[in-house]
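What follows is one structure encoded as structure tokens, with my remarks underneath.
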Amino acid sequence: MNSTLPATDSDHPHVSVIVVGSGAPLQSMGWYHAVQLLDGRIPSAQLDHVVEPWWTCDEARGTLEYTAFADWQQTLQQRPGGGVQCWSHVADVPESTTPNVPRLVILSARTSENPRLLAECLRHLDCRAIFLEKPGAPTVRELQLMQTQAAAAGVKVYLGFNKNVSAYLTQTRLFAEHADEPVDVTFLHNNAYPNEPAALAECFERNAEGMLKNMAIHELAILATFYDVTVDNIASVHVDREFSLCQTLIGPSTGQSYTDFVKLRFRIVTWNGKSASIAADRCGGDDSVGIVTNSHATELARFIMPDADALAQIPMLAARYPGARPYFFTQDPDYRTLKERVVQYCLDGTPPHGVADLDIAITALQLAEYLTPILQAQLAESSA
């Protein structure tokens, strides 16, 4: 897991980055954010501090992850130029000694911990912006409070909805906009869970917030960002009963029942005439697809993430970081783009095109909370 590429040249304009909630090496998205920075693949960004509350505490001692993090920490601290410093708490990070270098926080902790950690970052780190992993918080109310706190501190918060800047999304939207006939657009999100009751029960339990708040929150953010969909302007929503499946399963650890979607497809039409469909299948594979069809349901085009360029890079990344989660590599280009745009904002104020902010995150979570009972009720009616 050693990085051999040099750190950013500190004599050139750059952003000092603090990763909060790096998680365990090879397992956490926070770790992979740090890896992209350490590899020098985010221009004008330098990783200076890592904060990891859990894998540095005594409760985690004796676990494989604790040992892995300790080894990684040693590697970080031995890097040229003074190394990357690791801390157990946000408040432990020292004040910047270079006030002309803006700070960017990448907050990638567990969703339930994000509200507390964001408040601590605002209080202690004097940052220009915070890059917050989606969905940001468990509830709309918490996101709204975080928005109020960030506004009071004068700190912009951007969300890691990576599909917002993905090539497949851009290609899908451009094809639809330039089509010479009326078209429908569907954004399909596939996961690769085994289509077996035991595997799905574990999935439902681990993602207890539900499909729309977890898996399909990406697609809801797309609709909020590019189709101006809000709870208040939805004219109609219709579930595809032939495609969709909702089940109640018993969680293997808790013994509690969880009702959620195994797969789901629905179409939204807004009062201003915009429309789009979202589909999600927990057992459909490991890609995301933009599909354009005409009024006769004939498919005109489809665009896939990861695309050919991303796929070509996967063997190199997998060889460099064996054992890391495969989705890190498939989403690598998009996460680089997100960070590059937020870094540029920190340097010169350039608005990061397509990158979701807290307004979008709040709208997406509101849509998830609003749509879930409606779609479940529509499916229940069809099976009655």
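The values are calculated or read from the model by the stated rules, or taken from the named source; none is laboratory data. These figures come from a predicted structure and were not determined experimentally. As a convention, Cβ positions derive from the backbone with ideal geometry for all residues, glycine included, and neighbour counts pool all protein chains shown.
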Condition check for T111: over 26 Å from the mean Cα position of the chain (by Cα), of a type in the set (V, I, T) and at pLDDT below 95 = no
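Per-residue answers, yes or no, for (1) out of contact with any Phe, Trp or Tyr (no Cβ under 6 Å at 6 or more places or on another chain); (2) surrounded by fewer than 21 Cβ atoms within 10 Å (Cβ to Cβ):
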| site | (1), (2) |
| --- | --- |
| V19 | yes, no |
| S28 | yes, no |
| L38 | yes, no |
| A45 | yes, no |
| W55 | no, no |
| A60 | no, yes |
| L64 | yes, yes |
| F69 | no, no |
remark   = Sole miss for A151 among (1) among the hydrophobic types (A, V, I, L, M, F, W, C); (2) without any contact (Cβ under 8 Å) to a residue 12 or more places away in the chain; (3) buried (at least 18 other Cβ atoms within 10 Å of the Cβ) is condition (3)
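For (1) farther than 22 Å from M29 by Cα; (2) hydrophobic (A, V, I, L, M, F, W, C); (3) exposed (fewer than 15 other Cβ atoms within 10 Å of the Cβ), each residue gets a yes or a no:
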| residue | (1), (2), (3) |
| --- | --- |
| S96 | yes, no, no |
| P99 | yes, no, yes |
| P102 | yes, no, no |
| L107 | no, yes, no |
| T111 | no, no, no |
| L118 | no, yes, no |
| A137 | no, yes, no |
| V155 | yes, yes, no |
Residues of segment 251-305 that turn out to be under 21 Å from Q378 (Cβ atoms) and hydrophobic (A, V, I, L, M, F, W, C), as a count = 12
message = Residues to consider are L264, L311; find the one that is over 21 Å from A179 (Cβ atoms), at pLDDT 95 or above and of a type outside the set (D, E, K, R).
response = L264
request  = From A198, A224, grab the single residue that is assigned by TED's automatic domain parsing to the domain that holds A301, over 24 Å from the mean Cα position of the chain (by Cα) and assigned to a helix (DSSP H, G or I).
outcome  = A198
remark   = Expected output for segment 181-199 (first residue more than 15 Å from F303 (Cβ to Cβ), partner crowded, with 17+ Cβ neighbours inside 10 Å and at pLDDT 95 or above, Cβ below 6 Å, 6+ apart or cross-chain) is N191/R282; Y193/R282; Y193/C283; N195/C283
note = Scanning segment 81-116 residue by residue, the ones that are closer than 12 Å to G21 by Cα and either aliphatic (A, V, I, L, M) or in contact with a Phe, Trp or Tyr (Cβ under 8 Å, 6 or more places away or on another chain) (or both) total 5
query = Scanning segment 296-313 for residues that are outside any strand (DSSP E or B) and within 15 Å of Y168 (Cβ to Cβ), which turns out nearest to the chain's Cα centre (by Cα)?
reply = P306
